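The values are calculated or read from the model by the stated rules, or taken from the named source; none is laboratory data. Computed from a prediction, not measured in an experiment: that's the story for all the values here. Cβ placement follows ideal geometry from the backbone for every residue including glycine, while neighbour counts extend to all protein chains displayed. Heads up: the accessible areas ignore ligands, DNA and RNA and are worked out on the full protein's heavy atoms, side chains in. Shrake-Rupley method; radii C 1.70, N 1.55, O 1.52, S 1.80 Å.
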Amino acid sequence: MLTLSHLRPFVPGALLLLSLGTILRLLIPTNALAQARPISAGPHLLSIGGVREWSEPAGVTSEPELNLRFEAPSPNGAAHTLALRQTGVRRTWVVELNGSEIGRLYPDENPHRVFFSVPEGALRTGENRLRVAPLDTLPDDVALAAIELLATPREALLGASAVAVTVLGEDLEPLPGRITIVDGEGALVELATESGGRLAVRPGVVYTGDGRAEVRLPAGSYRLYATRGFEYGVDSVDIALDAGETEEVTLRLRREVPTEGWVATDTHLHTYTHSGHGDATLEERAITIAGEALELPILTDHNVHVDLEPVAVAVGVRDYFTPVIGDELTTPVGHFNLFPVPAAAEPATPKVQNWAEVKSAIAAVEGVGAVVLNHARDIHLGFRPFDDGKTVRLPAERTASDGGEGGEEAWPLPAHAMEVLNSGSQQTDPLELFRDWLELLGRAYRLTPVGSSDSHDVARYIPGQGRTYIRVDDRDPARIDVDAAVERFRAGAVTVSFGLFTDVTVNDDYGPGDTVPAGGDSLDVGVRVLGPAWTRADRVSLYVGRERVRTEVLADSGAAGVKWSGRWRIPRPAPGSTIVALAEGPDPHRPFWPIALPYQPRSPAVAPKILGISGAVWIE
């Protein structure tokens, strides 16, 4: 999916009112590489699947594939390189030169500058044909621009220069983190450096497990960012590299969000090694977890138990987190994350037909402390856990008359928690799952809200971008009390973070997961909104049950730490009610923290936002 808001991080503010077609033309970079032969400046908009993912700009026509013809004076006597800029790629697109495949577009929605090897003799004297065509039939809208031929072999071009990066913490000691590298037009650049040792590398992204990285990349001008997840600030530097040049840079990170007493967890993490899709190996997953400052990561590969402990030790990052074994029970009637589970235990059977059978399958696994209902608005194998409608309709409410297979007895809710935010599986309406959760709280379901990433990748979907904070001792990330964390998680002593952190207290003594005892006609509610300087909060709201009872419009100029704090006195709610605080903010449009486009979009209109969702405080 390609949208105006998706391109916004890479264009100046003055250009935001221009049409998408105009912006795409302005995105075409000035060629700074020697011996470059332009093929097409573009833009070229390609669309497949029969369902448009964005509204077509006036005057710009999309095609199902790209076919370009260009002239060459003679066959190439040595290997060349084809370079292009791509944006919005989610499916598989093959790149062909004169009928032979030379590569595929990189499957990532974010802007990338990519390079394809043109073998010796692949060019013909006179007319040549370049084709970019889909191998999938699912909807995908992409943009291509700045297509050019370079008289340099791809390997030599990608490794032409180098930068040695050191990431330091506040104590001036090296610190695991993420290094993001973009060119002058904001595109992630392909790198010659590969994963290995304590590095996890993808185009434009290097995770370092020890705070150091030597990166080989094409000669050119770049901006480098160092980050370490939500709690840290950002440092950046601009560099210009000539061929054969190596530059040394040091970037310093400061912890900006005070989360003492809260453990950062991602309950939904995968690897390619054991889930079979995505691209993160076990070793890379361990490095990315340290680089995003997750303290209690839960590995939930599909229908398998995987222990990250030995790998974390082997790559030298075990001191930064306490790994937990989990399992994404992947069934025809929904996906459920279970944790903790013993590595040697037989995984729960996925061969179930309803939620009663899901519950029985989970009960057969020794030691499971928590169960999370995942991405309840997504369709998998033709099944969506929460049906469409103005209100949530659980499978528990299905009857034979409305197409279900049984009533309440056949569909008990088998989870202690549900995802209200999944950063790797975004909804078109960012608050849809939040409202679902409030609906269930109103029906006396005591469900813990969960934020997660569902990341199968090193960089495409950021591990820990959506995360859950559990109120438990976090003074030693390497020795988190897992039993205590699971107990507090099940009690609802959490807050969900997606760029913001929201804390709520009632009468100063009660927080998420607590029950306010009887007494008094009114309650004093305190709310704090926290975040790093690179995010903004523009609204905070208080909900009693499903109703929003207070709203404050914020003027966040980029404060680090506490962005807003305030108190409201409200009438005492009815017994059994809940109190929840929600903070919202605009998409920060940062190349080191891009918000993924909706996984199963329902509209071409996309308005991503960041969120901080407190756990619920219950009224006795």
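At-a-glance table
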item: Some residue of segment 278-295 being basic (Lys, Arg), assigned to a helix (DSSP H, G or I) and touching a Ser or Thr at 6+ places or on another chain (Cβ under 7 Å); result: yes
item: Any hit, segment 364-371, residues being at pLDDT below 95 and either closer than 27 Å to Ile298 by Cα or outside any strand (DSSP E or B) (or both); result: yes
item: Selection from segment 437-458 of residues that are open to solvent by 10 Å² or more (accessible area, probe 1.4 Å) and either of a type in the set (D, E, K, R) or modelled with pLDDT of 95 or more (or both); result: Glu439, Arg443, Arg446, Leu447, Asp454, His456, Asp457
item: Scope segment 350-363; condition in a loop (DSSP other than H, G, I, E, B) and within 16 Å of His302 (Cα to Cα); matching residues; result: Pro350, Lys351, Val352
item: Selection count, segment 160-191, where residues are out of contact with any Pro (no Cβ under 8 Å at 6 or more places or on another chain) and either in a strand (DSSP E or B) or among the hydrophobic types (A, V, I, L, M, F, W, C) (or both); result: 11
item: Hits in segment 507-537 - residues which are over 25 Å from Thr448 (Cα atoms) and either in contact with a helix residue (DSSP H, G or I) (Cβ under 7 Å, 6 or more places away or on another chain) or charged (D, E, K, R) (or both); result: Asp521, Arg536
item: Subset tally (residues that are under 27 Å from Leu500 (Cβ atoms) and either part of a strand (DSSP E or B) or free of Cβ contacts under 8 Å to residues at least 24 places away in the same chain (or both)) for segment 238-258; result: 3
item: Per-region count, segment 120-149, residues assigned to a loop (DSSP other than H, G, I, E, B) and open to solvent by 70 Å² or more (accessible area, probe 1.4 Å); result: 6
item: Residue that is in contact with a His (Cβ under 8 Å, 6 or more places away or on another chain) and either on the phi < 0 side of the Ramachandran plot or β-branched (Val, Ile, Thr) (or both), where the choices are Ser497, Ser423, Ser452, Ser522; result: Ser452
item: Residues of segment 87-101 satisfying the condition of being at pLDDT below 95 and of a type in the set (Gly, Ala, Ser); result: Gly88
item: Failed condition for Glu328, given (1) closer than 24 Å to Gly209 by Cβ; (2) part of a strand (DSSP E or B); (3) not polar (S, T, N, Q); result: (1)
item: Test: residue in segment 220-235 that is crowded, with 19+ Cβ neighbours inside 10 Å, of a type in the set (S, T, N, Q), assigned to a loop (DSSP other than H, G, I, E, B) and modelled with pLDDT of 95 or more; result: no
item: Neighbours by Cβ (under 9 Å, 6+ apart or cross-chain): first from segment 483-496, crowded, with 20+ Cβ neighbours inside 10 Å and assigned to a loop (DSSP other than H, G, I, E, B); second polar (S, T, N, Q) and modelled with pLDDT of 95 or more; result: Gly492/Thr448; Ala493/Thr448
item: Filter result (surrounded by fewer than 20 Cβ atoms within 10 Å (Cβ to Cβ) and part of a loop (DSSP other than H, G, I, E, B)) within segment 512-526; result: Asp514, Pro517, Ala518, Gly519, Gly520, Asp521
